[in-house]
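Novice: Please read through the structure below; I'll follow up with questions.
Each value in this text was obtained by applying a stated rule to the coordinates, not by laboratory testing. Here the structure is a predicted model, which is why all the values come from computation and not from measurement. Note that we place each Cβ from the backbone using ideal geometry, even for glycine, and neighbour counts take in every protein chain shown.
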Amino acid sequence: MTQPHEVEILLVEDNPSDAELTLRALKQRNLANQVFVCHDGAEALEFFFGDGSHALREIGVVPKVILLDLKLPKVDGLEVLRRLKEEARTKSIPVVVLTSSREEPDIARAYRLGANSYIVKPVDFEAFARAVSDVGLYWLLLNHPPR
Amino acid sequence: MTRLPRDWSIERKLPSFFSALLLVVVLVMLGAAYQQVRTAALTFASERVKRSTKEWVNASLRSTAQQRTQLATLVGDPGIRDFVASKGTRGRDWALAAMRRVAPDNAPNVAMELWDTGGHRLVLRGDSAFASDPAPLPASDSGVVSPYRVQHDTLLLSDMQAVVRQGTEGAVIGRVVVIRRLNVSAVARQTLTGISGGDMSLLIGNAAGDPWTDLEKIIPAPPAAVRVVHDSAIAVSYERGDAKIGAAARIPGTPIMFISELSRRQVLAPTRVYLRRMSLIAAVIVLVGALGAWWVSRRITKPLRHLTTAAAAIASGELAQHVDIPGTDELGRLGRSFNVMASEVQRARSNLEHQVAERTQALRETNAELEAFSYSVSHDLRAPLRAIHGFARILLEDHGAELQPEAKRVLGVIDENTRRMGQLIDDLLAFSRLGRKELETGRVDMTDLVRSVADEVRRTAGDRPLEITIGPLPPARGDRDMLRQAVTNLLDNAAKFTRRRAPGQIEVGHRADGAETVYYVKDNGAGFDPRYAGKLFGVFQRLHRAEEFEGTGVGLAIVQRVVQRHGGRVWAEGQLEAGATFFFTLRGASDA
């Protein structure tokens, strides 16, 4: 498993199947080495704002992109998104909402809270793999974050 | 007469009607009363002139009879007979004394004469200025009164004569003539008319004609109409200078006639005064009546106005209305009923609002549940499906080399079915979302919309020959996104079912149908059995097997839901292998 200080992609996903499929898609593009997976919203918050008890907190580590599911145990994705975009330190990290929900209100709220992309996970695996790897490529290789 | 405007209010109609009625009644009564008073005045005047004439005639008759008796005594006197028989040669003093006894030297007698049969005047006593000259015509009997004659233009004279006989039944030997003068002067007139009341005129003259006098001066004879002698005195109307009412009567046994007359104008003067006073009173009555009617109508219409205002307020939604109409009459009862009704309406409304709020809340809860359900379906159903599909693919990709062909085929079936299940979930969610989404209504250019959808369909169709003709379409009023969805589904459908035609032909057009526009999408595709036309628009209803034409059976259900949410209708016509036409109606963009 990748160490926190090397993280380039933070994947917040509670469904292990989806997580595995996502990692596989990223791996096909050789993007899977720097991926760190959080399994619920609380873990994601711990990663950035925690007291270190879970050994996740690593001050100064800034992933290049966060892939965020919305439907998460404990703290849901929209809440995580809100907290991230409130904090100056994490505000500029691109957040791609990667979810099964096609519901308009979810999409609208996610963008209102500052999501940078909203991607509906297709059922079709090829389409899903294409979407995930495109996102990874775009945010890691093509996008230039502010220095 | 101009027609009254129809929108005259009761407040104006009632007093106007009442005043007009009052005016008519008062005028009729005034007219009738005036007529009666006038008739009474005329009757009274007639009675007066009749009575006056009768009295004058009676008085004259008495004095004439007295003079006749005196004259008979005189001519029967032996001394007079002897004097006449001697042709005035003997007993002259005796005769003069006898004559003085019979007719004193005072008015109206002004002279007395004795004539013999030879036409010689034997004696003249009194004023010689009034003497007969020549001798008056001989009278055949005693006590005959002559008509009046005028002397010196101002004097009216009449004489009475009687014959003197030789012995009691002997031959006529002479005559006695008494000449009487009628006093004509202002004083005389005033004295005499004063007896009958100052307004009455007394006329005396010959029944046969001139001369006549009103006792002040000589006047022309009154009209013959009034001088006709009747059995009893009657009053007649006639003109003499002005309109008069008079009664005439002759003194019996003489040619002399009396007329008492009144001026009609004077007789009717009091009735005119009466008319003036009564008119004034009538005007006051009408005025008071009109004011009263106005007051009454105000009393009626004021509460009505209150009611009207309150009712209008209720009609416009302000339910808290209360009218204050005191009294126990019909209006008061109406007011109380109105208040009860208003509060009932208010109560019912608030009940209704309460119920609506409750139901709305319930609906909202149901809707929220439904949303949560959809969310779960969307999220929780898709995730495992994605896993099945994903891991089946991984199995095929990573371990494909180790698998038997049959195992690969089974994996392919799993792959295909998970794909279809995914599509089914997506369509189902789209369909349920359609029912919950708010309509964002606006003007939609249908030609534009259909054209852009057709471009997409053509792109999807690839190289397949597909002709899409789009007629000019009138704009519609509706939610652009939803209508786009419906049109997309219809064109996709048409493209799908014309797949085996070369070329596939699709026509989009319209026709007007009253306020609605009927749009249609016609194709030359596989068509359908018209017996199942009713099933076309049901969710998950399919008329073709999946091997022939793929699909979930939600597309047309979405079309139907979109059109119905816009208040339109949707239907289809077609034959197996002979194409299909789908119709839907929408309101025009110009409608509000």
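Novice: Between B:Ser452 and B:Asn339, what is the label-to-label distance in nm when each label sits 7 Å out along the Cα-to-Cβ direction?
Specialist: 6.3 nm
Novice: Can you list the lysines whose alpha carbon sits under 17 Å from that of A:Lys27, skipping same-chain ones fewer than 8 residues off?
Specialist: A:Lys64
Novice: Just the ratio, please: alpha-carbon radius of gyration of chain B over 2.2 N^0.38 Å, N its number of residues.
Specialist: For chain B, the normalised Cα radius of gyration is 2.66.
Novice: A further question follows. Viscosity 0.692 mPa s, temperature 37 °C: give me the Stokes-Einstein translational D for the protein assembly as shown in µm²/s, with Rh taken as the Kirkwood radius over C-alpha pairs.
Specialist: 80 µm²/s
Novice: Moving on to the next point. So, counting K/R as plus one and D/E as minus one, what does the shell of residues with Cβ under 14 Å around B:Arg419 add up to?
Specialist: Summing Lys/Arg as +1 and Asp/Glu as -1 gives -3.
Novice: Could you work out the relative contact order of chain B, using alpha carbon pairs under 8 angstrom and six or more residues apart, expressed as a whole percent?
Specialist: 9 percent
Novice: What's the longest bit of chain B with no exposed GluC sites (Glu not before Pro), using DSSP loop states and at most 16 other Cβ atoms within 10 Å as the test?
Specialist: B:1-168
Novice: Residue by residue through segment B:357-374, what is 3J(HN,Hα) from phi via Karplus (6.51 cos²θ - 1.76 cosθ + 1.60, θ = phi - 60°)? Round to whole Hz and write x for glycine and proline.
Specialist: Once θ is set to phi - 60°, the couplings for segment B:357-374 become 4, 4, 4, 4, 4, 4, 4, 4, 4, 4, 4, 5, 4, 4, 5, 4, 4, 4 Hz.
Novice: With a cut-off of 8 Å between alpha carbons and a minimum separation of six or more residues, what is the relative contact order of segment B:439-587 in percent?
Specialist: Answer for segment B:439-587 is 24 percent.
Novice: First select every other residue whose beta carbon is under 12 angstrom from the beta carbon of B:Gly241; then total the charges, Lys and Arg +1, Asp and Glu -1.
Specialist: 0
Novice: Could I ask something else about it? Given B:Ile285, B:Phe528, B:Ala362, which one lies farthest toward the positive end of the charge dipole of chain B, if we put +1 on the Cβ of every Lys and Arg and -1 on the Cβ of every Asp and Glu?
Specialist: B:Ile285
Novice: Check cross-link reach from B:Lys217 to the lysines: straight Cα distance under 28 Å, and skip same-chain residues fewer than eight apart.
Specialist: B:Lys50, B:Lys54, B:Lys244
Novice: Once Lys and Arg get +1 and Asp and Glu get -1 on their Cβ, which of B:Thr64, B:Ala225, B:Val163 lies farthest toward the positive end of the dipole of the protein assembly as shown?
Specialist: B:Val163
Novice: Could I ask something else about it? Given B:Met446, B:Gln564, B:Ala461, which one lies farthest toward the positive end of the charge dipole of segment B:439-587, if we put +1 on the Cβ of every Lys and Arg and -1 on the Cβ of every Asp and Glu?
Specialist: Checking the options against the dipole of segment B:439-587, the answer is B:Gln564.
Novice: Still on this structure, I have one more. Please give me the summed charge of the neighbours of B:Leu429: other residues whose Cβ is under 9 Å from its Cβ, Lys and Arg +1, Asp and Glu -1. Kindly include the intermediate steps, with their values, before the conclusion.
Specialist: Numbers: positive: A:Arg102, B:Arg433; negative: A:Glu103, B:Asp426, B:Asp427.
Residues near B:Leu429 contribute -1 overall.
Novice: A further question follows. Where the only charges are on Cβ atoms (+1 Lys, Arg; -1 Asp, Glu), what is the dipole of the protein assembly as shown about its Cα centre, to the nearest 20 debye?
Specialist: It works out to roughly 5400 debye.
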